[in-house]
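A short worksheet on the structure shown next.
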Amino acid sequence: MEVNNRMTPEQCQGMEDIRREIDTLDRAVIALLGARFKYVLAASKFKTSAVTVRAEERFKAMLATRREWADAEGLSADAIEKLYSDLVQHFIAEEMQHWQAAQALPERPALMAKITSEDGDNHTNSVR
């Protein structure tokens, strides 16, 4: 995603300019988080258990990497770690619900076989 700020921080003439540019950045950050969330939900189809949804080791490694990225940008590694920890814990909870709901659904082929075998008539063309 490309961010189209009208001005650099140095070009801003007052608080109105600053706030507009910060809002532009925040909108882009939120859009990126929305895109990230879609990947989290997509990942749930590759998970085989609740343990793999939680992925404790991956979570720890991800936080360590985000700390490094924060340092490289001159940001507080502690603040970025807290932000990502909170965000990803929320995403994990959402992914867990998504994964659990998917586990509760019967497989489509099994459902088709069941429908066909229950009345001896083939309804596969009418069930979509």
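Efficiency by 1/(1 + (r/R0)^6): what FRET value for His90 and Thr8, r their Cβ-Cβ distance, R0 = 30 Å, to the nearest 0.05? E(calc), rounded to 0.05, equals 0.35.
Kirkwood Rh, Cα Rg: Rg to Rh for region 1-46?
1.23
Taken one residue at a time, the phi angles of region 7-22 give Karplus couplings (6.51, -1.76, 1.60, θ = phi - 60°) of 9, 7, x, 5, 7, 5, 9, x, 5, 4, 5, 4, 5, 4, 5, 5 Hz. Gly and Pro are set to x. Region 14-97: D in µm²/s via Stokes-Einstein (Kirkwood Rh, Cα pairs, 25 °C, 0.890 mPa s)? Rounded to a whole number, D works out at 170 µm²/s.
Between Gln100 and Ala72, the contour length at 0.36 nm per residue exceeds the Cα-Cα span by 6.3 nm.
Any read-out appearing in this document is the output of simple, stated calculations on the displayed coordinates, not a laboratory observation. For clarity, every value in this text was computed on a predicted model and none was experimentally measured. Neighbour counts are summed over all protein chains in view; Cβ atoms, including those assigned to glycine, are modelled from backbone coordinates with ideal geometry.
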